[in-house]
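Here's the structure, in structure tokens; my notes come after.
No lab work stands behind these numbers, since they all come straight from the coordinates. Small disclaimer: the values here were computed from a predicted structure and weren't measured. Glycine gets a Cβ as well: all are built from the backbone with ideal geometry, and neighbour counts include every protein chain shown.
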Amino acid sequence: MQLLVVFLMLILNLFINAIYWEHRGTNKLRLKMKTFRLIGMALLAVVMCVNFTSCSSDDDEEEISASLEGTWYYDYGEGWELYNGNKEPWSTDPDPYNPNDRDASTKMEIKKVGENQYSISTYYYDNGAWQYSESETITLNGKSFKYDGENCTILTLTSKTLIYEVVEPNGKYYDKYTYIKM
């Protein structure tokens, strides 16, 4: 793109020089030079705008991949379950900085294994140490994936926070989980 800008400026310079030699010593030259300078600056502004917009990051998949990989600690969960026609809310608030056996201290290790595919290994905290639970490979489709047989959607993904939801298709339950990287 920068080469195009240089090329266009070279062409503009050639036009200006050609007009200069054609109208040497007349007042017409000054008017034409100002016009061509204005056209040249407008053209340069348009080319630079195109250049900056084309250089913006439009590859969100790489950002998701880079952010998704790593070790995530369960920080908060909430949702509801339909029981006898009533929504029964639930929430958990484990302390990922001080895991213990009493709360729902869990962590996930996520690694990219292929095109839009990730391996998720889960661990739970028991008897003072992290214990391996299970592994599963998921396929990410945009921000949606299927994990443990459930349809999941990523709501928030930053370098330090992962929030995803599970919506049961028949409306029997809803879960939202927050994980953090430490």
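Between the amide H of THR106 and those of TYR74, distances stay under 5 Å, these residues lying 5 or more places away or on another chain, with hydrogens modeled in the peptide plane.
Taking other Cβ atoms within 10 Å as a rough exposure proxy, MET108, MET182 sort from fewest to most as MET182, MET108. Amide H contacts for THR161 (H built 1.01 Å from N in the peptide plane; partners 5 or more residues away or on another chain; cut-off under 5 Å): LYS181. Put simply, the amide H of TYR147, placed in the peptide plane, has neighbours under 5 Å in CYS152, leaving out anything fewer than 5 places away on its chain.
Straightening the chain between SER91 and GLU165 buys 25.3 nm, computed as 0.36 nm per residue apart minus the Cα-Cα spacing. Derived scalar couplings between HN and Hα for the stretch 102-116 equal 7, 9, 8, 5, 9, 9, 10, 10, 10, 10, 6, 10, x, 5, 6 Hz in order, rounded to whole Hz, by the Karplus curve 6.51 cos²θ - 1.76 cosθ + 1.60 (θ = phi - 60°), x for Gly and Pro. Applying 0.36 nm per residue to the separation of TYR147 and TYR83 and subtracting their alpha-carbon distance, the gain on full extension is 20.7 nm. Directionally averaged projected area (the stretch 65-182, Cα convex hull): 7.7 nm².
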